[in-house]
Amino acid sequence: MSCPHCYASAKKRKKETKELSTQEAEFIIKQLYDYGIKVLIFSGGEPLLRQDLFHLIELSSNLGFQCHLSTNGVLINEKNAEKLKQLKIFYVGISIDGLPEFNDKYRGLNRAFEKAFMAFRYLKENQIMTGLRITLSKANKDQLLPLIDYALEHNIDRFYISHLLYSGRGENIQNDDLSTEEAKQIMWQIFQLADQFLSENKHIRFVSGGNDVDCALLYLYTKEKYGERKANQIKILLEKRKGNSAGEKIINIDHLGNVHPDQFWRNYTAGNLLENTLEEIMQDSLFLQLKEREKYLKDCKECPFLMMCRGSHRERALAVYHDLWAIDPACYLKDFRNISNKNPNKKIYGVAI
């Protein structure tokens with residue numbers, strides 16, 4: 001596929017393409033285990049193109065990792081689904097960007113939608129938790145609600161809504177990103193849908209990624225719908241989660257063993273696990289700053305939502321403002337900075353924060 005928002009800018013692999021060997025991948029996995037990592041997400045590009053993927057998942061599962069797979073789904077057949085079940089894969093997320101006609105054209109593969117939903121069926125038959133992942137932009141925002149209906153119809157466990165990150169090929173479509181007002185309105189609508197589905201006993205979970213300000217909006221939604229006591233319970237959980245954690249609770253290892261703060265941050269490498277230990281890499285100067293990012297954020301220090309969001313994605317700030325510590329340009333609650341001093345009764349959707 002050639003998805004325009006691909007953070008890895010993945011290309012068709014040629015014979016001479018350099019990539020981690022099986023032995024190198026095994027070496028890295030054992031390093032991660034020794035360091036204390038608990039969860040591995042096998043992603044890409046398309047991870048199922050690796051001939052040794054099942055071997056690497058088996059090694060990881062046997063060591064005790066919780067293993068996830070992020071895929072486009074088109075290579076999952078009955079046999080592969082059964083094998084993933086045997087390997088104790090915990091979760092499979094399949095990326096789809098709209099209904100059949102839109103999705104196949106957008107992703108560059110005929111019958112991609114059909115094959116992905118066949119994969120969901122095979123995985124469900126093997127009792128594997130599944131998630132449908134959509135990256136939202138102006139191009140496909142009208143596909144969102146019909147796709148949610150499709151997910152409900154097929155008993156998919158999670159519906160993952162990702163905001164656009166300006167990384168890889170995604171850097172070329174910044175202008176296709178939702179406006180901050182559009183993003184805010186869509187997420188508010190998603191919270192309303194989640195509420196509705198809970199009341200109707202529909203078993204699907206909504207997950208959002210790519211913009212940690214969604215946490216603050218969830219708090220505001222809860223406050224309006226359920227009152228301050230319930231909202232404060234949500235606030236405690238969100239602040240315990242601690243917002244964006246690139247370079248702290250998540251790292252990305254690419255096809256060469258290079259370590260990046262997260263999967264979207266490919267233009268910064270903290271080291272290579274074939275040459276450096278993970279202990280050394282985690283002492284990288286940027287990683288150390290990210291652990292204390294609250295000290296460096298220029299525009300967020302007085303925001304009442306700081307500990308829920310922690311400035312969200314630094315990659316977007318770099319892409320737009322060329323400043324690591326500037327505000328995330330996708331922040332749709334930026335009007336509430338310094339609110340405690342300037343306007344303590346500021347409201348959003350009728351809710352005073």
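Quick notes
- Under conditions of 20 °C and 1.002 mPa s, segment 213-343 yields 135 µm² s⁻¹ as its translational diffusion coefficient, taking Rh as the Kirkwood radius over Cα pairs in the Stokes-Einstein equation.
- By DSSP, the beta bridges lying fully in the chain are antiparallel in about 20 percent of cases.
- In terms of packing, defined here as the mean over residues of other Cβ atoms within 10 angstrom, the peptides 281-288, 132-139 line up highest first as 132-139, 281-288.
- About its Cα centre, segment 197-307 has a charge dipole of approximately 660 debye under the convention of +1 per Lys or Arg Cβ and -1 per Asp or Glu Cβ, with nothing else charged.
- Solvent-accessible surface of the chain, averaged per residue with a 1.4 angstrom probe and all protein chains in place: 50 square angstrom.
- Estimated inter-spin distance, residue 38 and residue 126, nm [label 7 Å along Cα→Cβ]: 2.5
- Using C-alpha pairs below 8 Å separated by at least 6 residues, the relative contact order for the chain is 15 percent.
- Based on Cα contacts under 8 Å between residues 6+ apart, segment 42-174 shows a relative contact order of 21 percent.
- Calculated FRET value between residue 256 and residue 86, using beta carbons and R₀ = 22 Å, to 0.05: 0.15
- In segment 189-259, inverting the average of 1/r over every pair of distinct C-alpha atoms gives 14.3 Å as the Kirkwood radius.
- FRET efficiency estimate (nearest 0.05) - Cβ-Cβ, residue 236 to residue 301, R0 22 angstrom: 0.55
- Estimated [θ] at 222 nm from DSSP helical runs (n ≥ 4, -39500 (n - 2.57)) normalised by residues in the chain, nearest 500: -12000 deg cm²/dmol
- For segment 90-160, the relative contact order is 40 percent, taking Cα pairs closer than 8 Å that sit 6 or more residues apart in sequence and dividing their mean separation by the residue count.
- Shape category assigned to segment 134-242 from the gyration tensor of Cα positions, a/c cut at 1.5: oblate
- Per-residue extension of 0.36 nm, minus the Cα-Cα distance of residue 286 and residue 228, leaves a gain of 17.1 nm for this segment.
- On the basis of the beta-carbon distance and an R0 of 25 Å, residue 111 and residue 153 show a calculated FRET efficiency of 0.85.
- Unit charges on C-beta of K, R, D, E only; dipole of the chain, Debye: 520
- Expressed as a fraction of 2.2 N^0.38 Å, the value expected for a compact globular protein of N residues, the C-alpha radius of gyration of segment 79-208 is 1.09.
- For the chain, with +1 on Lys and Arg beta carbons and -1 on Asp and Glu, the positive-most of 199, 261, 48 along the dipole: 199
- For the chain, the fraction of 1.4 Å probe accessible surface lying on carbon and sulfur atoms is 49 percent.
The values are calculated or read from the model by the stated rules, or taken from the named source; none is laboratory data. In this text the structure is predicted, and so the values were computed from the model without any measurement. All Cβ positions, even for glycine, are placed from backbone atoms using ideal geometry, and neighbour counts span all protein chains on display. Heavy atoms of the whole protein, side chains included, go into the accessibility calculation; ligands, DNA and RNA do not. Shrake-Rupley method; radii C 1.70, N 1.55, O 1.52, S 1.80 Å.
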